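Peer 1: Take this structure first; my questions come after.
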Amino acid sequence: MMAGGRSLEKIAATCIVTLCLACLHVTSLKSQLFTRVGGLRYTTEPPISYKTLYFDQKIDHFGFLQEGTFKQRYLVADKHWHQPDGPVLFYTGNEGDITWFCNNTGFMWEIAGQLSAMLVFAEHRYYGESLPFGPESYSDSKHLNYLTSEQALADFAVLIENLKSTVPGAQNSPVIAIGGSYGGMLSAWFRMKYPNVVVGALAASAPIWQFPDMVPCGDFYKIVTQDFAKSGNNCDRNIRRSWKAINNVSSSASGLQWLSEEFSLCSPLKNKNDAVTFKSWLQETWVNLAMVDYPYEANFLQPLPRWPIQ
């Protein structure tokens, strides 16, 4: 192997080891720093500064019928990047505006200086500003046909290869994929699918096997319920009781009116079907709160205090 190849391997290994040690360090301190009854105030608000760029992506990486392109948005922060060959931490964007994840993935901003790394946050197709067909992207199944994780992974691979070939000093930079939740699933799959593009992946809260016939379908909701059970006395029990209470109240017109007014709904509930939709909305609220039940103030889905379930 060439000397340059050995140097690249050494840099990549150092990046991965440092990332792993940093994760272990955070995990070991977590019980000391945060408890369910209080703890130190923590904020993910380091000085965040990035450039917003766009890259022409193929709408379809695998077929021949659709030859169109779209502008994929990505964010770059290279304040700490060491040239040449400094590592690149590449965030594999989730199902949302990439600025959400950029502003709430504090770990990448905290570790950038230690690794002398460039940070890249790539937006997932069909979200934020990365719309393959503009306003028509969600109009019908024909336009939605290209919203798949396979196409998104190909976007990331092409974008990274372009960055390494066009950014001076990045040609031999090791790239590590980072993501959380669905973005974490993408990071893990990215390393499996494109091992020639990324030297490793850090996947947080990434249920890569959570599919029918592989994981019991109720496991996710069991974990959500546990969060509420641990956060307040009878909290989970009261939510369980609420479903029957809503059924009882919504059985009359006056009850539907009371629910509509009590929850300040945008449009009033008119029948039992509306009440079912209302319960689904509440369920989504509890699920989202469990997913962002952070020990610090955050502004991800909504501005929230630390431990919002409490």
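No lab work stands behind these numbers, since they all come straight from the coordinates. Because the structure is predicted, anything quoted here is derived from the model rather than measured. No Cβ is skipped: glycine too gets one built from the backbone with ideal geometry, and neighbour counts run over all protein chains shown.
Peer 1: Full-extension gain between Glu95 and Trp209, please, as 0.36 nm times their residue separation minus the C-alpha to C-alpha distance.
Peer 2: On the way: separation 114, 0.36 × 114 = 41.04 nm, distance 1.81 nm.
So the chain would gain 39.2 nm between Glu95 and Trp209.
Peer 1: How far, in nm, would the chain grow between Tyr54 and Phe263 when pulled straight, counting 0.36 nm per residue and subtracting the alpha carbon separation?
Peer 2: Numbers: separation 209, 0.36 × 209 = 75.24 nm, distance 4.15 nm.
Result for the pair: 71.1 nm of gain on full extension.
Peer 1: How far apart, in nanometres, would the label points at Lys279 and Leu147 be if each is projected 7 angstrom from Cα along the Cα-to-Cβ direction?
Peer 2: Rounded to a tenth, the inter-label distance reads 2.7 nm.
Peer 1: Note down, for the range 55-165, the three equivalent ellipsoid semi-axes (square root of 5 times each alpha carbon gyration tensor eigenvalue), biggest first, whole angstrom. Show your work: numbers first, answer last.
Peer 2: On the way: eigenvalues 162, 47, 18 Å².
Working through the eigenvalues yields semi-axes of 28, 15, 9 Å.
Peer 1: Identify all lysines with a Cα-Cα distance to Lys193 below 21 Å; exclude those on the same chain that are fewer than 8 residues away in sequence.
Peer 2: Qualifying lysines at Cα under 21 Å: Lys58, Lys164.
Peer 1: Per residue of the range 76-93, what does 6.51 cos²θ - 1.76 cosθ + 1.60 with θ = phi - 60° give for ³J(HN,Hα)? Whole Hz please, x for Gly and Pro, Karplus curve as stated.
Peer 2: Whole-Hz 3J(HN,Hα) from phi for the range 76-93: 10, 10, 10, 4, 9, 5, 8, 9, x, 6, x, x, 10, 9, 10, 7, 7, x.
Peer 1: From the gyration tensor of the Cα coordinates in the range 151-310, what semi-axes in whole Å does the equivalent ellipsoid have, largest first, with each one equal to sqrt(5λ)?
Peer 2: Values: eigenvalues 367, 60, 54 Å².
Largest first, the range 151-310 gives 43, 17, 16 Å.
Peer 1: What lysines sit close enough to Lys279 to cross-link, taking a C-alpha to C-alpha distance under 24 Å and skipping anything fewer than 8 places away on the same chain?
Peer 2: List returned: Lys222, Lys230, Lys244, Lys270.
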